[in-house]
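Only one structure is covered here, and it is reproduced in the block below.
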Amino acid sequence: MAVPDFQSIFLPMLKIASDKDEHSLTDAREELAAVFQLTDEELKEVLPSGRQKVFVNRVAWAKVYLTKAGLLEHTKRAHFRITADGLRLLERKPNQLKIKDLKEYPAFREFRRSDRGSEQRPADSETLDSPETPLESIETAYSTLRSELKDELNASIMGCTPSFFENLVLDLLTSMGYGGSRKDAAEAVGKSGDEGIDGIIKEDRLGLDAVYIQAKRWEGSVGRPELQKFVGALKGQRADKGIFITTSSFTKNAVDYVAGLDMRVVLIDGDKLTEYMIDHGVGVSVVDRYEIKKIDMDYFTD
């Protein structure tokens, strides 16, 4: 089965703690994984940021919510124990336990009010029963905004002139550490007259090696013939490194062809291009910034 949402973890987690012993989150995760019969692949699933596993995140937030409701108590770092309220709830033999059920506990209602602030929606809003953890909600929203920004960037690139696109490629490559200075890159790109090569750029600031570039502002997919031309031009220059950039995509034949080469050719399609632009601050600006912080346990170590 798929990784359960964090609300579905509430009741099984409470049942695991019903023995009144102290439990660690690590042990609880193992028991819960067995309860939900999760596969190794499902346990390896990560959040959009790739920084944390989905199941680990959901178990941690399930513990937070049960603790805020007073059904579990925090004993020490990453450990918990069931409370009297938790035992009383289990005596009622509930079939499920959701956020709406936690709202019967004053401590949880106060937690939600202070968490959202007095200017926010009422506490009975549907958004409170979201199957996503708070961190998942943030990452989902971020992923959506990033996807929309990539679409906007691609549309803007397709509307620009070829010379502007050439400068965009320069800005991106230099921001990624290629080409030495921006001036060096500008002198290199566009100077090559060889068919299949748009420019040459330094691999690093020391100029120890050269990378040959082909940039195509295309609508249709780039196929194997175009890649073969590029590779032929590289061989003519006795080069073994090249970057082929397009605003569109590459056909499977083109990708398979490059994978079998004995030289290094990197393919950057429209999706990767806009992704790199966002990551390296090319053509975008910061509107706002939010920091997600966690406790620094080193600070509290004597």
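Does the range 208-224 contain any residue that is open to solvent by 40 Å² or more (accessible area, probe 1.4 Å), modelled with pLDDT of 90 or more and out of contact with any strand residue (DSSP E or B) (no Cβ under 7 Å at 6 or more places or on another chain)? Yes; the residues of the range 208-224 include at least one that is open to solvent by 40 Å² or more (accessible area, probe 1.4 Å), modelled with pLDDT of 90 or more and out of contact with any strand residue (DSSP E or B) (no Cβ under 7 Å at 6 or more places or on another chain).
Condition check for ALA2 on (1) part of a helix (DSSP H, G or I); (2) surrounded by fewer than 16 Cβ atoms within 10 Å (Cβ to Cβ); (3) among the aliphatic types (A, V, I, L, M): one failure, at (1).
Pick from the range 283-296 the residues that are of a type in the set (A, V, I, L, M) and loosely packed, with under 12 Cβ neighbours inside 10 Å: which of them is modelled with the highest pLDDT?
Within the range 283-296, the subset of a type in the set (A, V, I, L, M) is 284, 286-287, 292, 295.
Imposing the further condition that a residue be loosely packed, with under 12 Cβ neighbours inside 10 Å reduces the set to 286-287, 292, 295.
Details: VAL286: 89, VAL287: 85, ILE292: 84, ILE295: 80.
Among those residues, the one meeting the criterion is VAL286.
Considering each residue of the range 245-254 in turn, at least one proves to be out of contact with any Gly (no Cβ under 7 Å at 6 or more places or on another chain), among the hydrophobic types (A, V, I, L, M, F, W, C) and assigned to a strand (DSSP E or B).
Residues in the range 152-172 that are of a type outside the set (S, T, N, Q) and touching a helix residue (DSSP H, G or I) at 6+ places or on another chain (Cβ under 8 Å) were compared, and the one that is most open to solvent (accessible area, probe 1.4 Å) is ASP171.
Among the residues of the range 36-49, are any buried (at least 18 other Cβ atoms within 10 Å of the Cβ), in contact with a helix residue (DSSP H, G or I) (Cβ under 7 Å, 6 or more places away or on another chain) and under 17 Å from LEU90 (Cα atoms)? Taking every residue of the range 36-49 in turn, none turns out to be buried (at least 18 other Cβ atoms within 10 Å of the Cβ), in contact with a helix residue (DSSP H, G or I) (Cβ under 7 Å, 6 or more places away or on another chain) and under 17 Å from LEU90 (Cα atoms). Scanning the range 161-174 for residues that are out of contact with any Asp or Glu (no Cβ under 9 Å at 6 or more places or on another chain) and without any contact (Cβ under 8 Å) to a residue 40 or more places away in the chain gives THR161, SER163, PHE164, ASN167, LEU170. Could you check, for the range 275-282, whether at least one of its residues is more than 13 Å from LYS150 (Cα to Cα), surrounded by 16 or more Cβ atoms within 10 Å (Cβ to Cβ) and aromatic (Phe, Trp, Tyr)? Scanning the range 275-282, I find no residue that is more than 13 Å from LYS150 (Cα to Cα), surrounded by 16 or more Cβ atoms within 10 Å (Cβ to Cβ) and aromatic (Phe, Trp, Tyr), so the answer is no. Suppose the filter is at pLDDT 95 or above, outside any helix (DSSP H, G or I) and open to solvent by less than 50 Å² (accessible area, probe 1.4 Å); does LEU90 pass it? Criteria not met by LEU90.
Limited to the range 8-35, what total is found for residues that are open to solvent by 10 Å² or more (accessible area, probe 1.4 Å) and either of a type outside the set (Asp, Glu) or not in a helix (DSSP H, G or I) (or both)?
Going residue by residue through the range 8-35, those that are open to solvent by 10 Å² or more (accessible area, probe 1.4 Å) are 8, 11-12, 15-16, 18-27, 29-31, 33-35.
From the residues that got through so far, the ones that are either of a type outside the set (Asp, Glu) or not in a helix (DSSP H, G or I) (or both) too are 8, 11-12, 15-16, 18, 20-26, 29, 33-35.
Counting residues in the range 8-35 that are open to solvent by 10 Å² or more (accessible area, probe 1.4 Å) and either of a type outside the set (Asp, Glu) or not in a helix (DSSP H, G or I) (or both) gives 17.
Every residue in the range 249-271 that is over 11 Å from TYR212 (Cα atoms) and open to solvent by less than 20 Å² (accessible area, probe 1.4 Å), please. Working first, answer last.
Of the residues in the range 249-271, the ones over 11 Å from TYR212 (Cα atoms) are 249-263, 267-271.
Result: ALA254, VAL258, ILE268, GLY270.
The values are calculated or read from the model by the stated rules, or taken from the named source; none is laboratory data. Bear in mind that the values here come from a model prediction, so they are computed numbers and not experimental data. Methodologically, a virtual Cβ is constructed for each residue, glycine included, from the backbone with ideal geometry; neighbour enumeration extends over all protein chains shown. Accessible surface areas use protein heavy atoms only, side chains included; no ligands, DNA or RNA. Shrake-Rupley method; radii C 1.70, N 1.55, O 1.52, S 1.80 Å.
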